[in-house]
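The values are calculated or read from the model by the stated rules, or taken from the named source; none is laboratory data. This structure is a prediction, so every number in the text was calculated from the model and none was measured. We place every Cβ from the backbone using ideal geometry, glycine too, and count neighbours over all the protein chains shown. Note: accessible area is taken over every heavy atom of the protein model, side chains too, but ligands, DNA and RNA are not part of it. Shrake-Rupley method; radii C 1.70, N 1.55, O 1.52, S 1.80 Å.
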Amino acid sequence: MPIVTSTEMFRKAYEGGYAIGAFNVNNMEIIQGITEAAAECRSPIILQVSAGARKYAKHVYLMKLIEAAEADTGLPICVHLDHGESFEVCRSCIDGGFTSVMFDGSKYDFEENIKLTAEVVKYAHDRGVVVEGELGKLAGIEDDVNVSEEDANFTHPDEVEEFVTRTGVDSLAIAIGTSHGAYKFKPGVKPRLRFDILEEVGKRLPDFPIVLHGASSVVPEYVDTINSNGGNMPDAIGIPEDMLRQAAKMAVCKINIDSDLRLAMTAGVRAHLNAHPEDFDPRKYLTPGRDNIRNLVRHKICEVLGSDNKI
């Protein structure tokens, strides 16, 4: 099966009351772990590439690895640019084989966001590529995204219809209380997602796919493993998985997961090297990291997103 856009994935997800996992990738082991889990679960998948990943691994390497994963598993895979900061970045990814791009114009005012997003949409649609836009700003730090709590703001439902109509975007990322990075909420602070905003957005945009960024749960098991093997991660609370399940049953068709993948990989590597400090073979210490990725993604697909057995 060739690499695909997210259009059919989202249509089925909306109708079926589940969400597609959008997992960020940086290297071969992460791509293998994600796609092997998706193949086991018979789930469609979105592999996301951030600006940081493109700098680290290079665009061409990531595309060839994803093509290899598609050939190996036969999965319907959508390749998506996460947080494209400019028209030029989006154009480069479109021309380089991505089937979906996100233009993040959330730092601009409403009119400028519409203008710049529409330019990306025009270029992408002329080439059969879909576009995700964003309204509202999530707090947190992840790769090149850095938004303070003071600068974060919720999406205004009364703006979404105009934004979607004037830009022509195919999906919309909204801010309802999720946060980028591993340090989302301090201990004692109860996470709260604004389902009232999500519900109102769903009413104003019927049958339209909504996206949640910053949706990692910061799995305590991986944090504890890292810290018990020489790490020094402060306590943090992620997004409760029952909230993500609820969002997936509403208008949310795409849920982004990055930090949990990093924690899973790091926990596996640290535990192996702590137990076997004499090892210097990357194949040995990266294998448990890849195994953790596979287990995590399998859990997310089957227990949280509900996208298993959908292909």
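Before moving on, here are some points about what is shown:
Conditions tested, residue by residue: (1) crowded, with 19+ Cβ neighbours inside 10 Å; (2) at pLDDT 95 or above; (3) not charged (D, E, K, R).
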{"site": "V145", "(1), (2), (3)": "yes, no, yes"}
{"site": "D151", "(1), (2), (3)": "no, no, no"}
{"site": "D158", "(1), (2), (3)": "no, yes, no"}
{"site": "L193", "(1), (2), (3)": "no, no, yes"}
{"site": "L198", "(1), (2), (3)": "yes, yes, yes"}
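- Restricting attention to the stretch 200-231 and to residues that are open to solvent by 30 Å² or more (accessible area, probe 1.4 Å), of a type outside the set (S, T, Y) and part of a helix (DSSP H, G or I), the residue that is farthest from H156 (Cα to Cα) turns out to be N227.
- Whenever a residue of the stretch 64-76 is outside any helix (DSSP H, G or I), its partners that are open to solvent by 30 Å² or more (accessible area, probe 1.4 Å), lying with C-beta atoms within less than 7 angstrom and at least six residues away or across chains, give the pairs G74/M1; L75/M1; L75/A39; P76/M1; P76/V4; P76/I311.
- Scanning the stretch 9-33 for residues that are open to solvent by 10 Å² or more (accessible area, probe 1.4 Å) and in a helix (DSSP H, G or I) yields a total of 11.
- Odd one out for H80 among (1) more than 20 Å from A175 (Cα to Cα); (2) in a strand (DSSP E or B): (1)
- Close pairs (8 angstrom Cβ cut-off, 6 or more residues apart or separate chains): farther than 17 Å from I20 by Cα and touching a residue at least 24 places away in the same chain (Cβ under 8 Å) in the stretch 229-255, surrounded by fewer than 17 Cβ atoms within 10 Å (Cβ to Cβ) and charged (D, E, K, R) anywhere: D235/K186; A236/K186; I237/K186
- Comparison of K310, K249 shows that the only residue that is within 22 Å of T35 (Cβ to Cβ), among the charged types (D, E, K, R) and either out of contact with any Gly (no Cβ under 7 Å at 6 or more places or on another chain) or modelled with pLDDT of 95 or more (or both) is K310.
- Residue count, the stretch 167-184 (criterion: part of a loop (DSSP other than H, G, I, E, B), aliphatic (A, V, I, L, M) and either modelled with pLDDT of 95 or more or in contact with a strand residue (DSSP E or B) (Cβ under 8 Å, 6 or more places away or on another chain) (or both)): 3
- Residues located in the stretch 34-54, provided they are touching a strand residue (DSSP E or B) at 6+ places or on another chain (Cβ under 6 Å) and assigned to a helix (DSSP H, G or I): I34, A38
- Count of the stretch 251-286 residues which are under 26 Å from I45 (Cβ atoms) and either among the acidic types (D, E) or surrounded by 15 or more Cβ atoms within 10 Å (Cβ to Cβ) (or both): 21
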